[in-house]
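Heads up, the thing below is written out as structure tokens.
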């Protein structure tokens, strides 16, 4: 089969379109013919040698590596102990995360059955492949964590804040993968949603249900928004603390990417800060799939590239300002 591999860390140019053996399945696994594979930040973190992680948290890498966690496809074979899927089933999932052994940038993948769900009939394979990591991140932050594993960043187990009608939720980086799902899930739960993104994403986000839109290139959210119950910040970084002042006392900040907050400041403001490490979860994807079936969730697709052009897709990702997800097509 064909798969994307890299033999050393580096830029998008290290991604090679190689011939490799079709994987064998073990107990609890199914073999999936991959129709599409989603691209996520951990894919390029891995390609770059995990420089984004603190040195003490970096696992040793053994090359060659095939990146990718997210995929949608059709089951080709099942292990003897797998009863929930059969040959011919259309499935999607995020494989073996946290970890870097998903190997979904390939024509076939051996997938843990527990990490899969049946693909919703309401979305195609490209949309399904774009969903898993981003939608599970939003779901585990906002709806149900689904496990009791402490966050490696805080040592605490995240407790989602129940979103109820009348609450105000602000989503920063609202047009991106996690952001556009957070907007929709908060709206599904009855919140008033404030979306922060660049101006070109306004119509996209209003169609997804955003009640208010702030173009961060012209307006500071802190100047026009206050009394927010919950901020989910998908951008993070050193400027993330500027959103603390939009929160009401007792409010919660949920940083998706690395961000540091002064504990004295958050205590003074009465703000809670919590984060998660998203984890593979097939049953949650099955629950989310029902929302796709009912038309309550949509997947934004920024762009698609053939599997052989994974390097070009990573170059697109590096430019940022993504609307939804970037997806590799494997079967057209």
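The values are calculated or read from the model by the stated rules, or taken from the named source; none is laboratory data. Note that the structure is a prediction, hence the values are computed from the model and not measured. With ideal geometry, Cβ positions are generated from the backbone for all residues, glycine too; neighbour counts draw on all protein chains shown.
A few remarks follow.
- Qualifying residue in the stretch 170-186 (condition: more than 18 Å from the chain's Cα centre (by Cα) and outside any strand (DSSP E or B)): no
- Annotation note: of 291, 297, the sole residue that is surrounded by fewer than 21 Cβ atoms within 10 Å (Cβ to Cβ) and in the same structural domain as residue 73 (by TED's automatic domain parsing) is 291.
- Which listed residue, of 109, 149, 75, 157, is in contact with a strand residue (DSSP E or B) (Cβ under 7 Å, 6 or more places away or on another chain), more than 13 Å from residue 288 (Cα to Cα) and surrounded by fewer than 22 Cβ atoms within 10 Å (Cβ to Cβ): 75
- Which listed residue is surrounded by fewer than 17 Cβ atoms within 10 Å (Cβ to Cβ) and within 18 Å of residue 120 (Cα to Cα), from 8, 84, 19, 56: 84
- Residues satisfying the stated conditions in the stretch 194-207, i.e. closer than 19 Å to residue 167 by Cα and surrounded by fewer than 24 Cβ atoms within 10 Å (Cβ to Cβ): 206
- Search result, residues across the stretch 160-169 that are in contact with a strand residue (DSSP E or B) (Cβ under 7 Å, 6 or more places away or on another chain) and part of a loop (DSSP other than H, G, I, E, B): 161, 163, 167
- Of the residues making up the stretch 240-272, those that are in a loop (DSSP other than H, G, I, E, B) and exposed (fewer than 12 other Cβ atoms within 10 Å of the Cβ) are 262, 270.
- Test: residue in the stretch 103-111 that is in the same structural domain as residue 50 (by TED's automatic domain parsing) and without any contact (Cβ under 8 Å) to a residue 12 or more places away in the chain: no
- Flag if residue 144 is surrounded by fewer than 18 Cβ atoms within 10 Å (Cβ to Cβ) and either part of a strand (DSSP E or B) or touching a helix residue (DSSP H, G or I) at 6+ places or on another chain (Cβ under 9 Å) (or both): yes
- All positions within the stretch 17-63 that are touching a strand residue (DSSP E or B) at 6+ places or on another chain (Cβ under 8 Å) and either more than 30 Å from residue 87 (Cα to Cα) or free of Cβ contacts under 8 Å to residues at least 40 places away in the same chain (or both): 19, 46, 47, 63
- Annotation note: of 164, 168, the sole residue that is surrounded by fewer than 20 Cβ atoms within 10 Å (Cβ to Cβ) and out of contact with any helix residue (DSSP H, G or I) (no Cβ under 6 Å at 6 or more places or on another chain) is 164.
- Any hit, the stretch 224-239, residues being outside the structural domain of residue 291 (by TED's automatic domain parsing), part of a helix (DSSP H, G or I) and modelled with pLDDT of 95 or more: yes
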